[in-house]
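Below is one structure; the comments refer to it alone.
The values are calculated or read from the model by the stated rules, or taken from the named source; none is laboratory data. Quick caveat, the model's predicted, so the values are computed rather than measured. Glycine gets a Cβ as well: all are built from the backbone with ideal geometry, and neighbour counts include every protein chain shown.
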């Protein structure tokens, strides 16, 4: 009986050692494969980032410029302001207390972190330009701009679904779906 119990425990321990519940680790120690160096943000533009699990983006904001609410489903973002002022924030998930907004006004030298998968934004509230660098914890962080995804999808999301979800009139949804949603960063 004791041997059967020990064998069962050993089998369960062995089987559970094959389970992974985290992001995959890099496939190689490092990869130096820069074929066409450019100032870009991810492994698609900088092959040398392959297997490092990071990306970098420079963001130039004109006066009153906006990086609209968006999310990175596969990365945490750290933002460093080099020049100017930015009003930034993110919204927590739906758990208690749900949908809480955290914001901060950043100046040159300030840093802010946006947790993975949470909706966040950056806005330049000034007449002068602002420059920031964003580091992302994935070589392919992905980006989903919320308004683009909801109102600019192809094919469009059903008007019935959107009127119920946003609790607005059908005409409002139709108006929003007719907007130009792929370049709304101005």
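Before moving on, here are some points about what is shown:
- Sole exception among (1) in a helix (DSSP H, G or I); (2) touching a strand residue (DSSP E or B) at 6+ places or on another chain (Cβ under 7 Å); (3) surrounded by fewer than 13 Cβ atoms within 10 Å (Cβ to Cβ) for residue 73, by number: (1)
- The sole residue among 40, 15 that is exposed (fewer than 10 other Cβ atoms within 10 Å of the Cβ), at pLDDT below 95, outside any strand (DSSP E or B) and not assigned by TED's automatic domain parsing to the domain that holds residue 152 is 15.
- Residue that is out of contact with any strand residue (DSSP E or B) (no Cβ under 6 Å at 6 or more places or on another chain), outside any loop (DSSP other than H, G, I, E, B) and surrounded by 15 or more Cβ atoms within 10 Å (Cβ to Cβ), where the choices are 106, 176: 176
- Residue list for segment 127-138, filter: part of a loop (DSSP other than H, G, I, E, B) and either crowded, with 21+ Cβ neighbours inside 10 Å or at pLDDT 95 or above (or both): 127, 128, 129, 138
- Condition check for residue 93: more than 26 Å from residue 44 (Cβ to Cβ), loosely packed, with under 14 Cβ neighbours inside 10 Å and touching a residue at least 40 places away in the same chain (Cβ under 8 Å): no
- There is at least one residue in segment 152-171 that is touching a strand residue (DSSP E or B) at 6+ places or on another chain (Cβ under 9 Å) and in a loop (DSSP other than H, G, I, E, B).
- Failed item in (1) modelled with pLDDT of 95 or more; (2) assigned to a loop (DSSP other than H, G, I, E, B), with residue 80 passing the rest: (2)
- Residue that is modelled with the lowest pLDDT, among those in segment 45-56 that are surrounded by fewer than 18 Cβ atoms within 10 Å (Cβ to Cβ) and under 22 Å from residue 122 (Cβ atoms): 45
- Test: residue in segment 152-159 that is touching a residue at least 40 places away in the same chain (Cβ under 8 Å) and out of contact with any helix residue (DSSP H, G or I) (no Cβ under 7 Å at 6 or more places or on another chain): no
- Meets criteria (surrounded by 16 or more Cβ atoms within 10 Å (Cβ to Cβ) and under 16 Å from residue 71 (Cα atoms)) for residue 113: no
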